[in-house]
Amino acid sequence: MTEAWVREKVHKLYWEDDINCAGTMLRCLSEAFDIKLDRQVLSAAAGMHGAGGYGAQCGLVEGALLFIGIYCGLTRAGCEKAADYCCEYAKAFENKFASLRCHDLRPGGFTEQDPPHLCEKITCEAVLFAYGFVRERMRCQKEEQLYRTDTGEVVLRMAGREEIQALTEIRMAYLWDEHGHLEQEMEDMVRSQLSGYFERHLGRDFHAFVAVDAHGAMTASAFLLVTERPAKPDCISGKNGTVLNVYTKPACRRQGIAGRLIEMLLKKAEDMGMDYVDLKATEEGYGLYKKLGFEDGKSDYFDMRYWIGQGNTDG
């Protein structure tokens, strides 16, 4: 978010759309953090410009506090932290602008002769202040996005270590989709390995990008396995990634979720300084991966595999 963007956005919302200060704050922050707001939320801000012009708490404060609550509910911060962040924000705002009251902040107070949108300048300053607070004080290191589908909204984010059981279940769903249901003994062994693997590697050299619905259920996944090896001409950093477990539950398919998760995964790979990311594409997924920029692999070598302990002899 730049000052020029804020000035242009605020001016348009005030003079072309006739949105009040609270609604302007909400719209600027939601666009900056890529969070889509329901119409009811935007309507709720209609009377928040100093309590409908009464001169009470400033709409710039009200709009930011409302957004903080929404943001906490959609991210790993959690609703339980919303009150703490709101209190902290109010104190910080008062320290910077000297008051929370619209009557004090509005230049010259309120008169019947006031021109419209008299607070445009302070609105730009407050939007930048609120953006900085959320970005620097609240924003999780794990990128999160709200994404609308035909079946409702899902949150796209990286999975945490407290979600190992859910990751195990979505891995099993992928394996069932790929291989059919496993015999119980085999399934038990796979589950045992998965829980240990996620515990050892998640957040280190393995990252899971997931979609979570409004009920907290994991509905889609894309895994990134990080590998570091001796450098070579096409991989100077020695670091590359492998995409695994691209899976969406049947009821949520063909709504763009997998593509968005892969985009987040590729951004993570870029941030980690990888030279490239590999994957093995099914016929169904090939078009999506091409659209996202993946290229067909070329090699002068044959893929070969040696199975340990299975008697790889010609006899």
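In the list Lys36, Lys12, Lys91, Lys81, which residue meets the criterion of being under 16 Å from Gly132 (Cβ atoms) and either at pLDDT 85 or above or not polar (S, T, N, Q) (or both)?
On inspection, the qualifying residue turns out to be Lys91.
If a residue must be loosely packed, with under 15 Cβ neighbours inside 10 Å and assigned to a strand (DSSP E or B), how many such residues does the stretch 224-234 contain?
Of the residues in that region, 3 qualify.
Of everything in the stretch 194-218, what is of a type in the set (Asp, Glu) and either surrounded by 14 or more Cβ atoms within 10 Å (Cβ to Cβ) or without any contact (Cβ under 8 Å) to a residue 24 or more places away in the chain (or both)? Give them in sequence order.
Across the stretch 194-218, the qualifying residues are Asp205, Asp213.
Please work out which one of (1) at pLDDT below 95; (2) within 25 Å of Leu146 (Cα to Cα) is the condition Arg200 fails and give its number.
For Arg200, the failing item is (2).
Being among the β-branched types (Val, Ile, Thr) and modelled with pLDDT under 90 is the filter; apply it to the stretch 113-139 and report the residue that is surrounded by the fewest Cβ atoms within 10 Å (Cβ to Cβ).
Among them, the one singled out is Ile122.
Can you tell me which of (1) surrounded by fewer than 22 Cβ atoms within 10 Å (Cβ to Cβ); (2) at pLDDT 85 or above; (3) among the aromatic types (Phe, Trp, Tyr) is the one Trp5 doesn't meet?
The single condition Trp5 does not satisfy is (2).
When residues of the stretch 259-315 are filtered for being under 19 Å from Val210 (Cα atoms), free of Cβ contacts under 8 Å to residues at least 40 places away in the same chain and in a helix (DSSP H, G or I), how many remain?
8
From the list Ser221, Ser237, exactly one residue is among the hydroxyl-bearing types (Ser, Thr, Tyr) and surrounded by 18 or more Cβ atoms within 10 Å (Cβ to Cβ). Which is it?
Ser221
Would you say Ala251 is part of a loop (DSSP other than H, G, I, E, B) and assigned by TED's automatic domain parsing to the domain that holds Thr227?
no
Can you tell me which residues in the stretch 182-216 are assigned to a loop (DSSP other than H, G, I, E, B) and in contact with a helix residue (DSSP H, G or I) (Cβ under 8 Å, 6 or more places away or on another chain)?
Answer for the stretch 182-216, where residues must be assigned to a loop (DSSP other than H, G, I, E, B) and in contact with a helix residue (DSSP H, G or I) (Cβ under 8 Å, 6 or more places away or on another chain): Leu182, Gly203.
Scanning the stretch 179-192 for residues that are over 19 Å from Ile164 (Cβ atoms) and out of contact with any Phe, Trp or Tyr (no Cβ under 9 Å at 6 or more places or on another chain), which turns out surrounded by the most Cβ atoms within 10 Å (Cβ to Cβ)?
Met186
Scan the stretch 39-62 and give yes if some residue there is assigned to a helix (DSSP H, G or I), at pLDDT 85 or above and either of a type in the set (Ser, Thr, Tyr) or surrounded by fewer than 18 Cβ atoms within 10 Å (Cβ to Cβ) (or both), otherwise no.
No - not one qualifying residue is present in the stretch 39-62.
Based on this model, can you work out whether Thr248 counts as within 19 Å of Gln145 (Cβ to Cβ) and touching a strand residue (DSSP E or B) at 6+ places or on another chain (Cβ under 7 Å)?
yes
Determine whether Cys86 is crowded, with 17+ Cβ neighbours inside 10 Å, at pLDDT 85 or above, in contact with a helix residue (DSSP H, G or I) (Cβ under 8 Å, 6 or more places away or on another chain) and part of a helix (DSSP H, G or I).
It is true that Cys86 is crowded, with 17+ Cβ neighbours inside 10 Å, at pLDDT 85 or above, in contact with a helix residue (DSSP H, G or I) (Cβ under 8 Å, 6 or more places away or on another chain) and part of a helix (DSSP H, G or I).
Among the numbered criteria (1) assigned to a loop (DSSP other than H, G, I, E, B); (2) at negative phi; (3) modelled with pLDDT under 85, which one does Gly108 miss?
(2)
In this structure, is Tyr247 surrounded by 14 or more Cβ atoms within 10 Å (Cβ to Cβ) and more than 23 Å from Thr282 (Cα to Cα)?
Considered against the rule, which asks whether it is surrounded by 14 or more Cβ atoms within 10 Å (Cβ to Cβ) and more than 23 Å from Thr282 (Cα to Cα), Tyr247 comes out as no.
The values are calculated or read from the model by the stated rules, or taken from the named source; none is laboratory data. Here the structure is a predicted model, which means the values were calculated and not measured. Backbone-built Cβ (ideal geometry, glycine too); neighbour counts: all protein chains shown.
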